Structures are given as structure tokens and as C-alpha cells.
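Report on the following structure.
The values are calculated or read from the model by the stated rules, or taken from the named source; none is laboratory data. Model, not experiment: these values are computed from the prediction. Quick reminder, even Gly has a Cβ in these numbers, built from the backbone with ideal geometry, and neighbours come from all protein chains shown. Protein only, heavy atoms only, side chains kept; ligands, DNA and RNA dropped before computing areas. Shrake-Rupley method; radii C 1.70, N 1.55, O 1.52, S 1.80 Å.
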Amino acid sequence: MAEVRNKQVVLKDYVSGFPKESDMHIIEGTVTLKLPEASSEVLLIKNLYLSCDPYMRILMTEGASSYTPGSPLTGYGVGRVLESGHLDYKKGDLVWGITKWEEYSLVSSDQTLFKIQHTDVPLSYYTGILGMPGMTAYVGFFELCSPKKGEKVFVSAASGAVGQLVGQFAKLAGCYVVGSAGSKEKVDLLKNKLGFDEAFNYKEESDLNAALKRCFPEGIDIYFENVGGKTLDAVLLNMRLHGRISVCGMISQYNLTQPEGVTNLANMIFKRIRMQGFIVSDSYNLYPKFLEFLLPHIREGKVMYVEDIAEGLENGPAALVGLYSGRNFGKQVLVVSRE
């Protein structure tokens, strides 16, 4: 059997505070392109694209479900099946789901794994708009928040992998939508390409409460939460009666040794706000329904998706770390191989 190089991105040790590129290193091993003996239900996959996602920072902290130092990072990716021990998958199939940050991976079929049926869109989309982030936007907005035409929607981290889709979904639902982002270029993207009604650079706002009152003089019906901290605190002051908050992420808190407190939670009582956290993997049964909804919009150009592409596993640490300073412009994708 052919033995080939298998480059990997490995975590050196558990991380405290902001992650650095030096917390990871690139190693080169080898792999035999054959399934091990008695390895039914296992697939040998050539990784093509990997997804850089904010939640990965949480797994770098020592804890029950964290990464293992000395082992490759794990995350979502797109790959091609080279060998299969499972009847549902055959050699040559394209798949997306959980894999490792390396060139070739052995993946158990009982992990999150979907066969890719639609290849008339870029394969990289299955790390983003047609993968976990897309499902996250869909479930968090439509299933949890039940939007109604004319409602006022606020999205934080609005130019990111999830936020850019929530805003566009809100417009499809007939809502008024405002996003916050961290640079003039990202604000321009939201307003001029992605169809947001308004957007602002939170780094230029000395008073987030005032910024939200400016954008939402009548208050916010739906908040899609990606950042937490001071933004959540200001949003709570500006929610309308019976508002809904979908809690997707809290990226402002992931690198803090002492998380920020939220002081305005009493507004949840006065305004009868429903605030719900969710993990998208609980809702993967909705994936066929999600594709049926979204694919026509992509093909007709009604939903756009912005990707930030990094080439090569050796650039993986920089791409991942860049998420936490807002260096990425759109969905951060790491190309392992274009075959």
C-alpha cells in the first residue's frame, strides 16, 4: 500500500488567555492509504478544506471535552473518501463533518458526517454556508426566534461565518436588520453587499447603548448573539416586549481568564424576553429541510457568502488565531488540498 506524508496541526499544550500561533505546531508524519484491519464503520478521508471556528478556542482549555496536547486539532471539514468500511459510503464520495487538522484522517462513521450530494456550488461552502455555520444561522434564527415580517433584528459579529447569513435570512423574512462589526470594511460589506439595512463599527462606539438606540429607536425584537459581554448588556436595555435572543456564541469572552459580568438581566423579567442557548448538532435532523430552503437562494444569487481563504496546513495556526482579533474577512477557510 502507498505510504504518504501526513502533515498535521498539533496542539502543544492547553491554552490560557488569547491563543498564539506558537501554541500549535506543524509536524510531518506518514500514513498508509489503507484502512486498518477489522476497521468496519471507519473511513479513510483525504481532507480538502478545514473550517476555522471560534468555538475551537474553548477546546484548547483544559477540561472534560478539550483537545489532547500532542494530537491534531479536530473540527469541521470537507474531504474525499479514499477507503470505506461502511456500506453507506464508497470510495470517491465527498463528505463534510468532523475530521482532524491533517492531510489524511481516519474518521468513524458514527461521528457527525454528511455525504455531499450537490456539487454545483463550491466545495468550500460545506465548511460554511452549507455546513455547520449555515445550519447554526438557520436553526438559531428560524427555529428559535420565529421571526415575523417587519420585526427589528440585531446581529453581532455580523460579517462572520454565521452572522452574515443571519442578516440575509432576516431580510428574506421581511425584517429590518442591523449588524455590528469591527472595521469600516466589514461595515461596508454588510450594507453594500449583504443587504443589511444598517451597520456600525462597535470599536468606534463609546456608548453601545446609544448606538443601539440610534439604530433601533423602537427597540429590538430579535437579537442573534455571537459576542456576549458589553454588547449583550447593552442589547438587554434595548429589547422590546416579548423579544427573543438566540445565544449562538460569546467570542468576546473565550480568551478572558475572568469573564465579564452582565448587569442588565432584570430586563428579561420586565420585558418578558426569551433567551435561549443552543448547540447546532442537536438539530442536524433538520439538514435536508435546510438544504431545501437555502440551495435555491444560493443558485439564484439571493444569498451571498463571503469567504477568507488561507492556503496550506502550515498557515492553519495563523488563520485560526486571527479569528480572535477579527483578522478574517468573512468565513475563514483553510485549504488543505485542491486535489
Test result for Glu260, modelled with pLDDT of 95 or more and assigned to a loop (DSSP other than H, G, I, E, B)
no
Hey, among Arg244, Arg274, which residue is among the basic types (Lys, Arg), touching a Ser or Thr at 6+ places or on another chain (Cβ under 9 Å) and at pLDDT 95 or above?
Arg244
Looking at the range 46-81 only, could you name the residues that are free of Cβ contacts under 8 Å to residues at least 40 places away in the same chain and open to solvent by 60 Å² or more (accessible area, probe 1.4 Å)?
Ala64, Ser65
Can you give me the ranges of the strands (runs of 3 or more DSSP E) entirely in the range 274-339 with at least 2 residues that are open to solvent by 10 Å² or more (accessible area, probe 1.4 Å), free of Cβ contacts under 8 Å to residues at least 60 places away in the same chain and of a type outside the set (Asp, Glu)?
274-277
Residues Arg272, Arg327: which one is farther than 20 Å from Leu123 by Cβ, of a type in the set (D, E, K, R) and in contact with a helix residue (DSSP H, G or I) (Cβ under 9 Å, 6 or more places away or on another chain)?
Arg327
In the range 27-45, how many residues are over 17 Å from Thr68 (Cβ atoms) and either open to solvent by less than 70 Å² (accessible area, probe 1.4 Å) or without any contact (Cβ under 8 Å) to a residue 12 or more places away in the chain (or both)?
12
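Rundown of residues vs (1) of a type in the set (Val, Ile, Thr); (2) open to solvent by less than 10 Å² (accessible area, probe 1.4 Å); (3) without any contact (Cβ under 8 Å) to a residue 60 or more places away in the chain, yes/no style:
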{"residue": "Ser109", "(1), (2), (3)": "no, no, no"}
{"residue": "Thr112", "(1), (2), (3)": "yes, no, no"}
{"residue": "Ile116", "(1), (2), (3)": "yes, no, yes"}
{"residue": "Val121", "(1), (2), (3)": "yes, no, no"}
{"residue": "Gly128", "(1), (2), (3)": "no, yes, no"}
{"residue": "Gly134", "(1), (2), (3)": "no, yes, no"}
{"residue": "Val139", "(1), (2), (3)": "yes, yes, no"}
{"residue": "Pro147", "(1), (2), (3)": "no, no, no"}
{"residue": "Gly150", "(1), (2), (3)": "no, no, yes"}
Wholly inside the range 175-243, strands (runs of 3 or more DSSP E) that include 1 or more residues that are farther than 20 Å from Gly326 by Cβ, over 22 Å from the mean Cα position of the chain (by Cα) and charged (D, E, K, R) are 220-225
